[in-house]
Every structure is written in structure tokens, then in C-alpha cells.
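No lab work stands behind these numbers, since they all come straight from the coordinates. Fair warning: this is a prediction, and the values are worked out from it, not measured in the lab. Neighbour counts run over all protein chains shown; Cβ positions are idealised from the backbone, glycine included.
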Amino acid sequence: MTVLPVELQPALKDLLYRMADDALILGHRHSEWTGLGPILEEDIAFSSIAQDKIGHAYALYQPLHELGEPDPDRIAFFRDAPDFRCCHLVEYPNGGYDFSLMRHLLFDVAEQWRYHLLESSRYEPLARLARKVRGEIKYHVFHATQWVIQLGARGTEESHQRMQQALERVFPLALGIFEVTPYDELLAAEGIFPGERVLQERWLETISSVIEQATLQLPDPQTVVPAYGGRRGIHTEYLQPLLDEMGEVIRSEPDAEW
Amino acid sequence: MGGMWHLSSELAGSGMSAPRTVTIQSLDPRINRLRIPAELPEFTPKPMLDEWEPYEVFWKEKPGDQPVHVGTVRAPNPEMALVLAKEGYCRRGKTYTIWIVRTADIYTFSPDDTDIFATVPEKTYREPDAYKVVQKILRLKRQQQRERSSEEGE
Amino acid sequence: MYGNLSIVEPLNTEEREDPERVAEFEERIARGEKIEPGDWMPREYRRQVLRMVEQHAHSEIIGALPEGTWITRAPGFKRKLALMAKVQDEVGHAQLLYSAAETLGKPREQMINDLLSGKAKYSNVFNYPALTWADTAIIAWLIDAAAIINQTLNSKGSYGPYARALERICKEEAFHLKYGYDNVVTLASGTKRQRQMLQEALNRWWKPIMHFFGPPDSMSVHSEKLLRWKVKMASNDEMRQMFLDAYVPKIWELGLTIPDPKLRKNPETGKWEYSDPDWDEFWRVINGNGPCNRERLAVRRTADELGAWVRRALLKPNGRYVAPLF
């Protein structure tokens, strides 16, 4: 096993926090559909995806714990918004299924590329996790792609319009996934992660092809303002209420077993 | 804009211009976010096929297995049937793969015709038990022995 | 999860059937054969099984709501994931059960219409609120335990598709029961506030739990034929006794108090005795006047409306409906 220098720790922690917080908050948002989905079969499918996301968050908080951070429950349920490193995309409330599906697609294509790039990471815990979750993420992308193509290209005028509007709303938020951090260069140089710029390029290529198959119009990335800030702890008004809700029970007896 | 811009128009109208209606107060914060009017709107029944067509799901636990029929899903087309059947029937345990087929494309006998499978018991010539080869071999061996000993005696 | 509601639709004894076919049908059941879709069956059998499976399906889909109340607030990863998986299973059970019911000739759309219009019944227990986190623990343990008693018995019933659906459901609910028990034991051995929360939840849920198996046999009529047809596998009181036998000692073991001073096992009869659990309230709730009936209906309708554009978008106007095979 490669021993990583201690100086790398802040960069590693930052990467793990960004990934884990994204997965936790999006999993939480997805889980809000449980029992309220558009059809029983989809309710079941989407709940599995939500569970996978929360499972990934848990799996990412563990190496953080090994790097000296508190245990996963403490990290996930007791921090407040400024300590979170998730992007704004995952914070927004669900709204309609159009918004949820489009967010799911744009997020999971990025996840698939991110984990793909991490399979060859020098940081073994991440490389191992990337190989382990490959199948789950593949299903998430398959699920999202099918839905968006069907509702965009094979549905009604109404569903096409809804998906187009959802795309326009979600796209700037999704660009916020790739907010460059001060650690990007170091992580790339050390062979841990090639960086957000590389990720965004790959992502845009895949997304463009799916969106084209869905007969939708991708906004010009040059003309939209990416929703940055999340990676620096600056969040939307929606995150703190979500965290208060998520922590309501566990924080009522913080030292008890639940 | 208020915090509810994201809600679909059927429910909350669009943001600030939405009329203030009395909504259901639930213990479930998810339900409160849906802002459901306390007065139930008129109910319009859903049309047939609103929940799409039935597809049958066949499941293989591991390579080499026969596919087993495990149930059904409603889906608008085969691609979506696969997407939806996967978590419906394979979220626990191991799965190698699944097959799906539109229920309307499956042909079977009418329940009244299942006696078509009743066959007379005399057709033993196609059952392995009907062939008592071992006894014949024993008989053959005894015969060979008898023949050998009578040859030696000559 | 499902409670016994067979009382709400009395058996129709007026229906005339060919006595020879009925006799043949009853012989099949007596031999332990399963009845499959398309087989000849008395109209009354079809009506009763359909009603039962349909109510069971509705109960699962509505049952997702009281526990769903705490999905966004479950304390910690383990509980959050387990609760999500449990509510997901309830939705999955509804999906399986609607398919099983459809084989008797009623399309899912019609069943959901009957649920959304308020015409159909579902298990009373889901018309009560899950006030605290401890309520979800009590539901997952005791309501699921009661449901498993009912479902395990019914999985030996005569209608093939329902029996098969129940077998799958019982396997999944084994996890629910273990999760619920673990949850309750954790709270019972926790802080003073956790224990208090648990006791209060038990107090709230005891009456609905006693109602769960339906009114006493003395109030139910016509169940003899349903037992002979293996539509019902045990009487309401028999199931209630099984539940009390299995779970009262477990509840007491945790140091909890059951809010019924008269509850005791009569050593002579071997039967549990208990106070009248207020059957008037049972009827009030069944008839739509429970604490959450209106909310449950409004939420289901809203969820259906929210997804309507998705379903409409992929609807094939020239598609053909056939009942699923199951």
C-alpha cells in the first residue's frame, strides 16, 4: 500500500467531504419521494437509488473517520451548513419529478465519471470504493438516461417541455459540481484525482449526447452562471432547514444510542 | 420568489402569486412541503392504462440457471420494464439477469383446456423405468456362463 | 402490513351457483389444491378474495405514509437506511398485491380509483398518526408482527396468486420485524426520555393494535364458509390470541406497561382476557372518521396528481390491457 504524505491530508479530506456530502444530501432529497412517486414501480426503483446514495455517503465518511474526523453519524447528523461541502445542486427541494429526474441525470453522469477516474487513484480507499460501487452507479445512470430520453423524445409535448424547463433550471446548478478547489492541482499531481476541470469535460460530452437523444436543447455552458459556493461552505437557504430536519431526532439526545 | 418556486403548478401555483389556501398540517414535513389544500378537490377517475401495460418478469439467479417467472411490472415499453423490474425483483440477494416480456404477448391454454395434458398411463415406452436392462444383462450373463460350461464339458 | 377487515362486506349467500361445480371446487380446496386465475370459482369466492387482496394492497400503499413521516428525520445512518428500505418494501408489497388482485378481473386503475375516491377500505391502523420516532418503532415491531401472523396464515390460503405474493412478502417482513424489535429494544434500554417516548407510543398504539385483527368473532358473521374456502385461515379472535401469546411477554420483558389493567392470561382457559378496546371507535375509523383518514386520502390523491403527467407522457393510447399472469 502506498503511504500518502501527511501534507496531503487536508486535500484528501476536502475531496472526501465534497463527495460524501453530495451523496448524503441528494440521497436525502431522493428519499423524500418514497411512497409519493409517479407509479409504484418507479417509487421502488428511486428509493433504491436514494438508499445507494446514502450508503455511498456512509462509505465515504468512514475513511474520513480514519483520517481523524468524527464517526459517520456524528459527521452527517451534527454538522451545520457552513461545514458542509456539497454543491447547491443537491440542496434544492424536490419540486416536480421533472426536476428530480434531470438533477438525477446530471449528477449521476458526473458521479460515474468521477468514480471511473478514481478507480486508478493512488488513494487506495477511494480506488477500492470506486470499483465497489461501479455497478450501482451504472444502474443509476441507466435509470436516469432512460427516463430523460423517454420523457424528452418519446413522450408528449407536455413532457418534452417540462424536461426542457427542468434542464434549463438544473444545468447551472449542475455546473456547480465542478467548482474548482485550491486542492485540485495537488490532488492531480499526486495521482489521487485528476481534478474538476477534467471531470467537467468528460461529463459535458456524455450529457450532450444523452440530451441530444432526448431531443432537448442543452444551454450553452459559456452563457450560464455556474452555481458555485457549495465547495467553500456557502450554501442555499435550503440546506440548513434540511439539516435541522435530518438531525431533529438524533440531536434531541445526542449521546444516546438510537 | 418565496421558497416554493420548485413546486409544480398543479399544487402551489407559481410562487408569490399563488392564492393563499388553507393546507393540510401534517406531522410529516415532506407532506407539509407539498402544501396540500385542506379541501379535497373533485376527484377525476384515472383512465384505463393510466398505469401502463403489464410485463412479466423472468429471473436468473446465476449463470446456467433456468429463468424463473417472478412476477409482473407495469411499464410503458420494454426498456422501461427492464429499468423498473430490476429493483422490484432483484433488490435483495443475487441476480445474474432478468428477462421481461409483454404479458399480452404470452400465449397459454385456456384453463378449461388444461385436461389436454392428461395422457394415458400406457405410454411407458417413453419412460426410462419401462426398460429393465439390468435384469436382461443378468439373464444374458447366466446364459453365457451356461454356454461356456457346456462347451468345456464337451 | 394488513389487518383483517372481512367484516366490512358480509357474505352474499343469495348467489345461486351450480351445486355440482361448487362441490367439485370445495373438494379441490379440501385436497389442498390452489385455485388459479381462470379456474372456475364461485362468484362469491372471487368477490371475497378480490376484496381481501385489494384491501391488503391499499393497506400497503397507505401504510407507507405513517412511517414515511419519519423518513427525513430517522436518527443515524443505520436507521435512516433501514426505514427507507422498509417503506420501499411496503410500496413493493402494494405492487405485488395489486397484480395478484388483478388476476381476479379488476384492473389496477379501477382499484386505485376506488382508493382515491374514498370508496375502498384499508387497514384501520394506518389512520393513526406516528407522533414521534418511537411510534415508528412500535409500528415496525408490533404492527408488522401482527401483520406477519395474518399473512403467514393466509399464505397457506387457497388462492394461488395471493398465496405466492404473501410468501414473498413474509420473507421481506422478517427484516421489518427484526428492525422494529431492535429499534424498540434500543429505546427501551436507552435514556429516560427515550424510554418515556417508547412507553407513550405503546400507550397510543395499543388500542389500534387490539383492533388490528378485526372485531371479535361474536360480532363477525358468515366466516365459516370463508374458513372452509381457505379465504380466511383463522378467526379474528384466534389471531388476536396468537399475537398476545407471542408478544405480550416480550413487551413486559422490556419493562414496558401495556395500558390495559385487565390484560391477563386466564390460567384455566389458556386465553388472554382484556378490556373492551372500544369497538365503536373501530367502526368510526373504518367509516372515515379516524384521526388521519382525510390526510391519507389527500396525500394519495396529491401523489397521484403529481405523477399524472409522467404516466400520461408514456401512455400508449392503443395499448392493450390484459391481466398479469402471476
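For helix A:239-252, report the angle its Cα long axis makes with the longest principal axis of the Cα atoms of chain A; keep it between 0 and 90° and round to the nearest 10°.
Compared with the principal axis, the helix lies near 50 degrees.
List every residue whose amide H lies under 5 Å from the amide H of residue B:53, counting only residues 5 or more places away in sequence or on a different chain, with H placed 1.01 Å from N in the peptide plane.
Amide H neighbours of residue B:53: B:75.
Taking the Cα atoms only, what angle lies between the long axis of helix A:134-153 and the longest principal axis of chain A, rounded to 10 degrees?
20 degrees
Give me a comma-separated list of calculated 3J(HN,Hα) values for region A:173-185, in order, Karplus coefficients 6.51, -1.76, 1.60 applied at θ = phi - 60°, integers in Hz, x for any Gly or Pro.
5, 5, 4, x, 4, 9, 4, 6, 10, x, 8, 3, 5
Which whole-angstrom value gives the distance between the alpha carbon centres of region A:208-226 and region A:95-174?
If we compute the Cα centre of each part, the gap is 14 Å.
Taking amide H positions as placed 1.01 Å from N in the peptide plane, with prolines and chain starts having none, which residues 5 or more places from residue B:69, or on another chain, fall under 5 Å of its amide H?
So residue B:69 has HN proximity to B:59.
With the calculation restricted to Cα positions, what are the radius of gyration and Dmax of chain A in angstrom?
18.0, 56
If one computes P(r) from the Cα atoms of the protein assembly as shown, what percent of pairs lie at distances over 44 Å?
Values: 85990 of 271953 pairs.
Summing the P(r) tail past 44 Å for the protein assembly as shown gives 32 percent.
In terms of Cα to Cα distance under 26 Å, which lysines are near enough to residue C:250, apart from those fewer than 8 places away along the same chain?
Within reach: C:78, C:80, C:86, C:171, C:178, C:192, C:207, C:262, C:265, C:271.
Where in chain C are the DSSP H helices whose C-alpha atoms run 24 Å or more along the long axis and whose mean Kyte hydropathy is at least -1.0? Could the numbers behind the result be given before it?
Values: long enough: C:43-68 (38 Å, -0.75); C:77-102 (38 Å, -0.08); C:160-188 (41 Å, -0.27); C:192-211 (29 Å, -1.39); C:236-253 (26 Å, -0.68).
Membrane-span-like by this rule: C:43-68, C:77-102, C:160-188, C:236-253.
Taking the alpha-carbon distance from residue B:46 and a cut-off under 19 Å, which aspartates and glutamates remain once sequence neighbours fewer than 8 residues away in the same chain are dropped?
By straight Cα distance, residue B:46 reaches A:41, A:42, A:43, A:158, B:10, C:54, C:102, C:109, C:114, C:304, C:305.
With n ≥ 4 as the cut-off for DSSP H runs, can you work out [θ] at 222 nm for chain A, using -39500 (n - 2.57) per run divided by the number of residues, rounded to the nearest 500?
That comes out to -21500 deg cm²/dmol.
Which ³J(HN,Hα) values, rounded to whole Hz and listed in residue order, are derived for region A:212-221 from phi using the Karplus coefficients 6.51, -1.76 and 1.60 in 6.51 cos²θ - 1.76 cosθ + 1.60 with θ = phi - 60°, glycine and proline given as x?
Computed from phi, the couplings for region A:212-221 are 5, 4, 7, 6, 9, 9, 6, x, 6, x Hz.
Going by amide H atoms built from the backbone, whose H comes under 5 Å of the H on residue A:33, apart from near neighbours?
Placed amide hydrogens put nothing under 5 Å from residue A:33.
Using Cα springs under 10 Å in a Gaussian network model of chain B, which residue among B:56, B:39, B:87 shows the largest mean-square fluctuation?
Sorting by GNM fluctuation, first place goes to B:39.
Please give every one of the lysines within straight-line cross-link reach of residue B:132, meaning a C-alpha to C-alpha distance under 21 Å, and leave out same-chain neighbours fewer than 8 residues apart.
B:123, B:141
Which order results if B:99, C:141 are arranged by neighbouring Cβ count within 10 Å, fewest first? Don't skip to the end; give the middle numbers.
Working: B:99 13, C:141 25.
Arranged by neighbour count, lowest to highest, B:99, C:141 become B:99, C:141.
Can you put C:80, B:60, C:230 in order, fewest other beta carbons within 10 Å first?
On the way: C:80 28, B:60 16, C:230 22.
Sorted ascending by nearby Cβ count, the order is B:60, C:230, C:80.
Regarding region C:47-185, what are the three Cα extents along the principal axes, ordered largest first, in Å?
That gives 44, 32, 21 Å along the principal axes, largest extent first.
Report, in degrees rounded to the nearest 10, the 0 to 90 angle that the Cα long axis of helix B:133-153 makes with the longest principal axis of chain B.
With both axes taken from Cα atoms, the answer is about 20 degrees.
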